[in-house]
Amino acid sequence: MEWFRSALARALPALALLAAPGAWAQPDDGPPALGERVCVGAQCLELVAVPGGSFLMGSAAGEAERATDEGPQHPVSVRPFLLGRYEVTQAQWKAVMGRNPSHFQRCGGDCPVENVSWNDVQAFIRKLSQATGHRYRLPSEAEWEYAARGGTGTPFSSGVTLTAAQANFNAANTYAGSTPGPYRKSPLRVGRFAPNAFGLYDMHGNVWEWVQDRYYRSYYGAPADGSAWEPADHGARRVLRGGSWADAPEALRSAFRGTLAPEVRLSGVGFRIARDD
């Protein structure tokens, strides 16, 4: 087992394989366009206008190897919002924060920033908001899954399986009959693979993405309006989504949930920004 997966072994739930039949997202409008382009110096971040809609969040009870924290599957309505077209890059982080904390700096400025904690990301968001006059944030967990699905109910926005031609992950491991592929052992520049139907890149793989929510072991009592779930009296651990370059494809499913303490930094963990529409 790779060191990164070992580091997350206590944090990640058991892996699951197939998505729920009928868990289709229902966007109100057609494919979104560029919603905003915000620049700090020469570095610009693009945000996609994600249309509002409703979907079934989580995985179905009959899903193979399903983890209990992926349920119960429940309907959620999401308001329109803006979400980063790409994961925040090393160059963008440096433009805002003045330094690059990434382990994989040789990957280049267009590769996702990683080795950033949830707390670090909150500091980045505060500085970006102050510099631009807009209020940015992390997406909620519900917003993230809705956006990752891109109108689908399959395990991945690409369908029932995933290959190394579609995402960056440990493709030496196969999923639902997929063909083995290369294990690249590092992040890749953002936007290298095709986007999903919402125009979003790298929602599966490359780096894990922090979301705003605190971690719960199930969705009992979860908000149905797409908002973040984070009462102050709950534990400190936060949720991350999407899987990374180091993970087997099971962890890249739209319904899969990871969790870490908010101060932890790992070379497979990054983020993308959001803003209210």
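The values are calculated or read from the model by the stated rules, or taken from the named source; none is laboratory data. Just so it is clear, the structure is predicted and the values come from calculations on it, not from any experiment. Here the Cβ positions follow ideal geometry from the backbone for every residue, glycine too, while neighbour counts run over all protein chains shown. The protein model used for the area step is the full one, side chains on, heavy atoms only, and it has no ligands, DNA or RNA in it. Shrake-Rupley method; radii C 1.70, N 1.55, O 1.52, S 1.80 Å.
I'd like the accessible area for His103, computed on protein heavy atoms only with a 1.4 Å probe and all protein chains in place. Round to 10 Å², please.
Accessible area, nearest 10 Å²: 120 Å².
Counting heavy atoms of the protein chains only and a 1.4 Å probe, report the per residue accessible area for the chain as a whole number of Å².
40 Å²
What are the radius of gyration and Dmax of the stretch 149-220, computed over its Cα atoms and given in Å?
Here Rg and the maximum Cα pair distance are 13.5, 39 Å.
With labels modelled as points extended 7 Å from the Cα through the Cβ direction, what inter-label distance (nm, one decimal) is found for Thr68 paired with Ala131?
4.4 nm
Please list the helices of the chain that count as membrane-span-like by this rule: a mean Kyte-Doolittle hydropathy of at least 1.6 together with Cα atoms stretching 15 Å or more along the helix axis, each helix being a complete DSSP H run. Intermediate results must be reported in sequence, preceding the final value.
On the way: long enough: 118-132 (21 Å, -0.39).
Answer set is empty.
At a probe radius of 1.4 Å, what is the per-residue accessible area of Lys185, in Å² to the nearest 10?
About 120 Å², rounded to the nearest 10.
DSSP loop (so not H, G, I, E, B), at most 13 other Cβ within 10 Å: list which chymotrypsin sites (Phe, Trp or Tyr not before Pro) in the stretch 197-277 pass both filters.
Values: sites: Phe198, Tyr201, Trp208, Trp210, Tyr215, Tyr216, Tyr219, Tyr220, Trp229, Trp245, Phe256, Phe271; in loops: Phe198, Tyr201, Tyr215, Tyr216, Tyr219, Tyr220, Trp229, Trp245, Phe256, Phe271.
Listed in order of number, the matching sites are Tyr220.
Note the listed values (1) 20.2; (2) 18.3; (3) 19.3, then indicate which one is Kirkwood radius over Cα pairs in Å calculated from this particular structure.
The calculated read-out lines up with (2).
I want to check the label-to-label distance for Asn119 and Gln105. Put each point 7 Å from Cα in the C-beta direction and report it in nm to one decimal.
Spacing of the two 7 Å Cα→Cβ label points: 2.2 nm.
Cα centroids of the stretch 77-123 and the stretch 185-221: how far apart, whole angstrom?
12 Å
Gain in length, Asn173 to Cys39, computed as 0.36 nm per residue apart minus the alpha-carbon separation, to one decimal in nm?
Length difference between fully extended and current span is 44.4 nm.
Using label points projected 7 Å from each Cα along Cα→Cβ, tell me how many nm separate Asp277 and Ala236, to one decimal.
About 3.7 nm, to one decimal.
Which whole-percent values make up P(r) of the stretch 94-189 when all C-alpha to C-alpha distances are grouped in 5 Å steps starting at zero?
Pairs per bin, as whole percents: 2, 11, 14, 15, 19, 17, 12, 7, 2, 0.
Seen from all sides and averaged, what is the projected area of the convex hull of the Cα atoms in the stretch 64-141, in nm²?
Across all orientations, the stretch 64-141 yields a mean hull projection of 7.8 nm².
Given H placed 1.01 Å from N in the peptide plane, which residues other than close sequence neighbours of Gly270 have an amide H under 5 Å from its amide H?
Those qualifying (amide H under 5 Å, at least 5 residues apart or on another chain) are Trp208, Glu209, Trp210.
Normalized C-alpha radius of gyration of the stretch 187-238, against 2.2 N^0.38 Å?
Cα-based Rg divided by the globular estimate yields 1.50.
In the stretch 137-196, if the dipole is taken from +1 on Lys/Arg beta carbons and -1 on Asp/Glu beta carbons about the Cα centre, which of Thr161, Asn196, Asn173 is farthest to the positive end?
Asn173
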